[in-house]
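Taken together, the values in this text are just the output of simple stated rules run on the coordinates, not laboratory data. Just so we're clear, the structure is a prediction, and the values are computed from it rather than from any experiment. Note: ideal-geometry Cβ built from the backbone for every residue, glycine included; neighbour counts use all protein chains shown.
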Amino acid sequence: MISVTVIMLDREFFLGFIKIHILFHASQAPISGKEIAEELSRHGYILSPGTLYPTLHRLSEQGYLQRTSKVVGGKVRKYYTVTEAGKKALKEAKEKIKILVEEVME
Ligand SMILES: [Zn+2]
């Protein structure tokens, strides 16, 4: 029971980090959900598809990400790219991260 609560709390707690990470990679090149999941796990964020896809969906609905479809090996894959609003949010987040890092990493 307790461990379930901890996982839920962590997920919510780190969701902002995860969103910024997604926006960052989507600003570098169009990225698929699978690639995002791999990249996040490389940094220690293990996300279930039940968390990742609703997050991507929300970021798209809120206008931060643009979804496009591409056929890869006969399969339709969704790719995500950052929008102008997403770039702006990312720029703002970077400034806030810098200030936060300077303070907490002293
Ligand atoms: Zn990364």
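Before moving on, here are some points about what is shown:
- Residue in region 3-20 that is touching a residue at least 24 places away in the same chain (Cβ under 8 Å) and touching a strand residue (DSSP E or B) at 6+ places or on another chain (Cβ under 8 Å) present: no
- Qualifying residue in region 42-62 (condition: out of contact with any Gly (no Cβ under 7 Å at 6 or more places or on another chain), of a type in the set (A, V, I, L, M) and within 15 Å of the ligand (Cβ to nearest atom)): yes
- Sole exception among (1) within 13 Å of the ligand (Cβ to nearest atom); (2) in contact (Cβ under 8 Å) with a residue 40 or more places away in the chain for residue 79, by number: (1)
- Some residue of region 86-95 being touching a residue at least 24 places away in the same chain (Cβ under 8 Å), among the aliphatic types (A, V, I, L, M) and away from the ligand (no atom under 16 Å from the Cβ): yes
- Condition check for residue 105 on (1) under 14 Å from the mean Cα position of the chain (by Cα); (2) without any contact (Cβ under 8 Å) to a residue 24 or more places away in the chain; (3) more than 15 Å from residue 21 (Cα to Cα): one failure, at (1).
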